[in-house]
Structure formats: structure tokens, C-alpha cells
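The values are calculated or read from the model by the stated rules, or taken from the named source; none is laboratory data. Every value quoted in this text rests on a predicted model; they were computed, and no experiment measured them. No Cβ is skipped: glycine too gets one built from the backbone with ideal geometry, and neighbour counts run over all protein chains shown.
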Amino acid sequence: MAEIVLGIGTSHSPTLSTANHNEWFAYAQGDHRHHELIHQETGTSVSYEDLATLAAPQMRERPITEDVFKQQYDACQSAIAELAKTIKTVNPDITVIISDDQDEMFFDDNMPTFVVYWGDSFPVTPFELERLNLPPEFTAIGESLRRGYGDELIDIPIASGLGRHVIDHMIQNEFDVAHATYRNPIVGGSVARRYPTQDGGELDYARQTPEHGQGLPHGFSFAVQRLFEKQPRTILPVFQNTCYPPNQPTPKRSYAFGRAIHDAIASWDSDARVAVIASGGLSHFVVDELLDHMVLDALAAKDAQALQNLPRHRLLSAASESQNWVALGGALADTPLQMELVDYVPVYRTEAGTGGGWAFARWI
């Protein structure tokens, strides 16, 4: 039977692939116009101005300087390099990647909760910057997207046999997953951000993505670009819709999904050595160190109850990607693998607390 021999958890923010730490200041400028900021304590959508007013005094007093950014940037690069080294050393036959899609493959015409992609291959393609309509002063942001998510064509083989087995196992065990065997080369559409607002309503904002060429979505291509160091490895992409209401899985369901992935791998008639990667998170676009430590502490302790009972009001917008780590916790619960936290770097970009809790961990 196949065996899980390695677990990896990694953040995948484009700020992790900038050419240097000074480019982080451009992201800080962009935060002032961000449409998807969530106040951590109330779980409601807020403007940057409102978030700055609500921010705790100790958050506003944090030093946001070039020296601090350099130290944090170097720590993140070192952690990513360590994870890449670990993958190269363990050299798994197949890597299952659990991540989410953000306006890349799925839109409001079809937004499944869980998807397993089991086509023969999936290319990483150069990231099309034109679809972002970036102003000239943010050119560096676009280039970091290419470095992190795709700057050349790389065809990535897919573990189709394992993918079909995972789907069959899920269906037979009361998990109704969607599946995909090919990609549409040109995609585009709209996704509404239906996050709660302070007045008890719902955010009236939908992001429009123009038609464009789309390769492997960024949560998966980051692993290829940065952890595989652009060398093709056989993968199995597994999607969770963590970001977009109303059909997000609960933390309990994400954990059960991970357990089902483990059971499917363990029942596959193969001697394959399998790694499982959780890509995304932790907290962003607003730093939430409380949530981040809840997740990391529960993973280290293999505390199933804590992972399944994470407060949902803290798991909105991009902080919801923490549920990819929850699924990883479920997948590794019944293995002898133990978590080692390579690094956790909470990066505050502005006095309003925008930024991210970037985390890097391995289970060996």
C-alpha cells in the first residue's frame, strides 16, 4: 500500500517571491485600497481606514522599517529553502498538494467545495500580468507574481491513478467531491466576496477577472516554483474552496477531508511514497497571531478537537487558507510523522495590521 512519508505546510504569498524586501513597501501602499480586509475580532469586512481605527495600540506601535523587513524577508527565504531541501532529500514519488483557487479556475458559474484534478498533466505557465491592470508604480508586484507562480512553461505530470483512486474512495465513503480531467486554457469570470459587514449585511463586491490564459493555479504553482525549484515532480492537485461563501467547508469538514485523503492513500495498491503539502495561509490580509498560534499549536500537538473547532469568524478572506493546514493535520493524524516548525514570521506591513502570518513547517 502507498505510504505518506512527508508533510509540508507553507505560505505562498507573492511577497515571499519579491526580488528584495524593499518591494514590500509597494504591497503596503496597495493595502490602503484593499477590498478584502477582515477585522479579526468581529469577523466583519472593513475599509483600511476603519481597520486602522480598530487596530490595537500595540499593533500601531510595531516598527515597520527597512531593517525589520530585511530581517523578515531573509527569514522567509531561509525557511523556503529549507523546505525545498527537505523535499529533495526525501524525494517522494508523488506529492499531493492541498490548496485553494482564487479567481483562476473557478468562478461563480461553478464554485465546488472540493475538487480532485486527475488529468494526465497540468502546465505551469507564465503569469499574465496584464489581467491585473497594475499601475506603473506596482510593476514590482507583477514581477514577484511571475517569480512565485510561473515565469516559464513547465509541464507537470499528474498522478492520475492515485487521483482516480482518491475520488472513488471519497465517493464510497460519503465525501461528494467534484473532479476535473482537463483545464480550459482561457478562463475568466466573476467571484463575489460575500463577507459579513458591520451593519449585519454582506459585502457588495465582486472581483471581475478578464479572460486570460491560465496554467496551474498559484497555490500549486508556488510549490513547483519555490519548493521544487522549477523541476517537474508528479503531483496530485486537491482543491478546497476556503475563501468564498456560501459553500466554504467548516474546519471540521476540512479535517475530515484530510483524514479521507490519508485513508485513500493508505488503501491504494501501490508502493508509492507520498508527500502531502498544505499551501496557503496562515492569516492574511490582516495579521492574526492568535489564529496562527491556534493552528500551529494544534498541529504540533495533533489536537484534532482544536483544529476542528477553530473560530469561523477568524477564517474569512485569505485567512481561510489556514484550513488547508487543517486538512493536512487530518491527513497526518494517523501517521508517525511529527511536526517541526521551520519558522513563523508575522509580517505587519502597515499600522492597521495588514500583512500576513507566514509559516513554514515539515512533518518528518
Of the residues in the range 163-183 that are out of contact with any helix residue (DSSP H, G or I) (no Cβ under 7 Å at 6 or more places or on another chain) and assigned to a loop (DSSP other than H, G, I, E, B), the one that is modelled with the lowest pLDDT is ARG183
Exception for VAL276 within (1) assigned to a loop (DSSP other than H, G, I, E, B); (2) on the phi < 0 side of the Ramachandran plot; (3) surrounded by 17 or more Cβ atoms within 10 Å (Cβ to Cβ); (4) in contact with a strand residue (DSSP E or B) (Cβ under 9 Å, 6 or more places away or on another chain) falls at (1)
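So, in the range 132-150, of the ones that are modelled with pLDDT of 75 or more and more than 17 Å from GLY219 (Cβ to Cβ), which residue ends up surrounded by the fewest Cβ atoms within 10 Å (Cβ to Cβ)? Reasoning before the result, please.
Start the filter on the range 132-150 by keeping residues that are modelled with pLDDT of 75 or more, which leaves 141-150.
Filter once more, so that each one left must be more than 17 Å from GLY219 (Cβ to Cβ): 141-143.
Numbers: ILE141: 20, GLY142: 15, GLU143: 18.
So the residue we want is GLY142.
For residues that are assigned to a loop (DSSP other than H, G, I, E, B) and modelled with pLDDT of 90 or more, scanning just the range 55-85, find the one that is surrounded by the fewest Cβ atoms within 10 Å (Cβ to Cβ). Step through it out loud before you land on a result.
From the range 55-85, those assigned to a loop (DSSP other than H, G, I, E, B) are 55-56, 61-65; that's our starting set.
Filter again for modelled with pLDDT of 90 or more, leaving 64-65.
Working: ILE64: 16, THR65: 9.
Here the answer is THR65.
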From LEU282, LEU307, residue being out of contact with any Lys or Arg (no Cβ under 8 Å at 6 or more places or on another chain), within 21 Å of PHE114 (Cα to Cα) and not in a helix (DSSP H, G or I): LEU282
When residues of the range 285-304 are limited to those that are outside any helix (DSSP H, G or I) and not acidic (Asp, Glu), the one surrounded by the fewest Cβ atoms within 10 Å (Cβ to Cβ): LYS302
Residue check: is GLY330 crowded, with 19+ Cβ neighbours inside 10 Å, of a type outside the set (A, V, I, L, M), under 26 Å from ALA264 (Cβ atoms) and in contact (Cβ under 8 Å) with a residue 40 or more places away in the chain? yes
Among the numbered conditions (1) part of a strand (DSSP E or B); (2) at pLDDT 95 or above; (3) farther than 27 Å from SER78 by Cα, tell me where PRO237 comes up short. (3)
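Among the candidates TYR27, TYR48, which residue alone is surrounded by 14 or more Cβ atoms within 10 Å (Cβ to Cβ), within 18 Å of ARG147 (Cβ to Cβ) and either touching a residue at least 24 places away in the same chain (Cβ under 8 Å) or of a type in the set (D, E, K, R) (or both)? Can you show your working first?
On the way: TYR48 fails: within 18 Å of ARG147 (Cβ to Cβ).
Going through TYR27, TYR48 in turn, the sole match is TYR27.
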Over the range 93-117, the set of residues surrounded by fewer than 21 Cβ atoms within 10 Å (Cβ to Cβ) and farther than 26 Å from SER317 by Cα is ASP93
Looking only at the range 181-223, which residues are over 18 Å from CYS243 (Cβ atoms) and either touching a Ser or Thr at 6+ places or on another chain (Cβ under 7 Å) or of a type in the set (A, V, I, L, M, F, W, C) (or both)? ILE186, GLN198, GLY213, GLY215, ALA223
In the range 86-130, how many are closer than 24 Å to MET170 by Cβ and assigned to a strand (DSSP E or B)? 14
Which condition from (1) over 15 Å from the mean Cα position of the chain (by Cα); (2) within 30 Å of ASP155 (Cα to Cα); (3) touching a residue at least 24 places away in the same chain (Cβ under 8 Å) is the one that GLN231 breaks? (3)
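Okay, residues lined up against (1) farther than 28 Å from ALA319 by Cβ; (2) basic (Lys, Arg); (3) in contact (Cβ under 8 Å) with a residue 60 or more places away in the chain:
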{"position": "ILE87", "(1), (2), (3)": "no, no, yes"}
{"position": "GLY142", "(1), (2), (3)": "no, no, no"}
{"position": "GLY148", "(1), (2), (3)": "no, no, yes"}
{"position": "GLU152", "(1), (2), (3)": "yes, no, yes"}
{"position": "LEU162", "(1), (2), (3)": "yes, no, yes"}
{"position": "ILE171", "(1), (2), (3)": "yes, no, no"}
{"position": "ALA180", "(1), (2), (3)": "no, no, yes"}
{"position": "VAL187", "(1), (2), (3)": "no, no, yes"}
Just one listed residue, out of GLN172, GLN231, is under 18 Å from SER279 (Cβ atoms), exposed (fewer than 14 other Cβ atoms within 10 Å of the Cβ) and either in contact with a strand residue (DSSP E or B) (Cβ under 7 Å, 6 or more places away or on another chain) or polar (S, T, N, Q) (or both), and it is GLN231
Just a yes or no: is a residue in the range 267-284 over 30 Å from ALA159 (Cα atoms) and in contact with a helix residue (DSSP H, G or I) (Cβ under 9 Å, 6 or more places away or on another chain)? yes
